[in-house]
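Heads up: the structure comes next, in structure tokens.
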Amino acid sequence: MKRAAFYVRVSTVDQHPETQLRELREYAKRRGLTVAREHEFVDHGFGGAKARRPALDRMLEDARRRRFDVLVVWSCDRLARSTKHFLQVIEELDSCDVQFVSLREAFDSSGALGRAFLGIVAVLGEMERALLIERVRSGMARARAEGRQIGRAKLDVDREQVIDDRRSGMSLTQVAKKHGISRASVCRLMKESSAKPDVAVPTLAGNIPEPASAAGAAQ
């Protein structure tokens, strides 16, 4: 017998989630699904535009831990109103081997149509990632052409003095205030200094003591 979970969302506190839950429980009973009380996830008074919701986050965490096999919702717009967010949630559920069912749209991801839809979701997700990468690269190229700084700007500070001050016993805050930089920058400069290999100081030939045998021969 498959383990099911419900996700229910109502936008205002005066709406009653029990209306949706009643239909979901009847569906689970007809299909022979078992639903534990802790797997009735309800977001009460949350708009669909919000990607982060307490019950939604708990539901996804339980899906990752394989605590249920089927997620049933009353309607797709209860899960998300943003197409992008909806596709992300469906893709994550599929990666966790969780079947998705929506009563109002009569959608079931386990059927042939559902599997085709999930394939389209995967393609759209991949296309969106590729477009995002392309936009970032184009923006960086344009910034370089305009002579703008890309990435973290170099610190205009006497690095050796910062390192010496810190090693002399000054606190991070004191060094940062003295040189007008952040504590994190001080830590980064110290870390970079520690990572550099020590440079061997050459010994002057005149300071090298002669071997005892050579000294005796000279006498």
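The numbers here are math on the coordinates, done by the rules we state, and not lab data. Since the model is a prediction, treat every value here as computed from it, not as a measurement. Reconstructed Cβ throughout: ideal geometry from the backbone, glycine too, with neighbour counts over all protein chains shown.
Calculate, in nm to one decimal, what ALA195 and LEU132 gain on full extension: separation in residues at 0.36 nm each, minus their alpha carbon distance.
19.2 nm
Using only the alpha-carbon atoms of the range 3-110 as identical scatterers, what base-10 log of I(q)/I(0) does the Debye formula give at q = 0.09, 0.12, 0.13, 0.16 Å⁻¹?
With one equal scatterer per Cα and no solvent, log10 I(q)/I(0) is -0.19, -0.34, -0.41, -0.63.
Can you put TYR7, TYR27 in order of Cβ neighbours within 10 angstrom, beginning with the fewest?
TYR27, TYR7
Kindly put ASP43, ASP57, ASP69, ASP97 in sequence by how many other C-beta atoms sit within 10 Å of each C-beta, fewest to most.
Ascending number of Cβ neighbours within 10 Å: ASP97, ASP57, ASP69, ASP43.
Starting from the amide H of GLN99, placed 1.01 Å from N in the peptide plane, find each other amide H under 5 Å away whose residue is 5 or more places distant or on another chain.
Under 5 Å from the amide H of GLN99 lie the amide H atoms of VAL70, LEU71, each far enough along the sequence or on another chain.
So, R0 is 30 Å and r is the distance between the beta-carbons of ARG188 and ARG148; what FRET efficiency does that work out to, to 0.05?
On the way: r = 23 Å, r/R0 = 0.76.
It comes out at approximately 0.85.
Quote the charge dipole size of the range 1-150 about the Cα centre in Debye, to the nearest 20; the model charges only the Cβ of Lys and Arg (+1) and of Asp and Glu (-1).
260
As a footprinting exposure proxy, order ILE181, ILE133 by other Cβ within 10 Å, with the fewest listed first.
In order of increasing Cβ crowding within 10 Å: ILE133, ILE181.
In whole Hz, with x marking every Gly and Pro, tabulate ³J(HN,Hα) for the range 12-19 from phi via Karplus 6.51 cos²θ - 1.76 cosθ + 1.60, θ = phi - 60°.
These are the phi-based 3J(HN,Hα) values: 10, 6, 8, 8, 10, x, 4, 4 Hz.
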